[in-house]
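The values are calculated or read from the model by the stated rules, or taken from the named source; none is laboratory data. Treat the numbers as computed from the prediction; the structure is a model and nothing was measured. Neighbour counts run over all protein chains shown; Cβ positions are idealised from the backbone, glycine included. Calculation scope for accessible area: heavy atoms of the full protein, side chains included, ligands and nucleic acids excluded. Shrake-Rupley method; radii C 1.70, N 1.55, O 1.52, S 1.80 Å.
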Amino acid sequence: MSRIAWRWQWPGHGAELLVAETVAHVLSAHRQRIWETERGGQLFVDPDDRRGLVLASATSPHPADRAGWAWLELDAKRCRQEIGQANARGWRLVGYWHTHPQVMPQISPMDVASFSAFATRHAVALPSPLAVIVGKPAHTRGIRAWSIRGGQPKEGQWAPA
């Protein structure tokens, strides 16, 4: 059982997501430098963790993904394989993460559209996906999370573990 690194809270929604240290490490290890392309992966929670809703896994970038400086397309085959492996562990898909070459990453209209389409593809299991965007700096505002509800992003508030 991985230790908790931090948490995101959505006041007014009564939601809190604990972030495992293993997830924090994956996100921090793949920051986008100015000359690099975007990268990303999928996010899975362990719904049976007794500590609450725990973000248990963030998959690493994959060589089959397609990307540019300001866009990313995760490889569909690898995504299906990762979902199958995670489901076998009892984990559930909640969204995906990607990088931005920004100091304080912002969710863009293109991101909202992409996450909304993602929610539509996974509508039965995923009514409001989690969008995590990793920026350049290694401080607490360098990784931010949004819950997409009804096509509208609601930013989570970072808090220490």
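For the range 126-159, the residues whose backbone nitrogen is under 17 Å from a point 7 Å from the Cα of Leu53, taken along Cα to Cβ, are 126-133, 144-159.
Rounded to the nearest 20 debye, the dipole size of the range 20-148 about its Cα centre is 60 debye, using +1 on the Cβ of Lys and Arg and -1 on the Cβ of Asp and Glu.
Around the amide H of Arg149, modelled in the peptide plane, lie the amide H atoms of Lys154, all under 5 Å away and 5 or more residues distant in sequence or on another chain. Simple spin-label estimate for Ile34 and Lys154 gives 3.8 nm between the two label positions (7 Å along the Cα-to-Cβ direction from each Cα). Here the range 71-117 is assigned +1 on the Cβ of each Lys and Arg and -1 on the Cβ of each Asp and Glu. Its dipole about the Cα centre then comes out at about 260 debye.
The fraction of accessible area contributed by carbon and sulfur in the range 117-161 is 56 percent, rounded to a whole number (1.4 Å probe; ligands and nucleic acids excluded). Decide, for the range 84-149, between rounded, prolate and oblate: order the square roots of the alpha carbon gyration tensor eigenvalues as a ≥ b ≥ c, take rounded if a/c falls under 1.5, and otherwise choose prolate if a/b is larger than b/c, else oblate. Since a/c reaches 1.5 but b/c is at least a/b, the shape of the range 84-149 is classed as oblate. Only one of [x] 0.95; [y] 1.18; [z] 1.03 was calculated from the structure for Cα Rg over 2.2 N^0.38 Å, and its label is [x].
What percentage of the solvent-accessible surface of the range 1-79, computed with a 1.4 Å probe over protein heavy atoms, is contributed by carbon and sulfur atoms? Carbon with sulfur: 53 percent of the solvent-accessible area. Per residue, the solvent-accessible area of the chain (1.4 Å probe, heavy atoms of protein chains only, all protein chains present) comes to 51 Å². Positive end of the dipole of the range 60-106 (Cβ unit charges, origin at the Cα centre): among Gln81, Gly68, Thr99, the Cα lying farthest that way belongs to Gln81.
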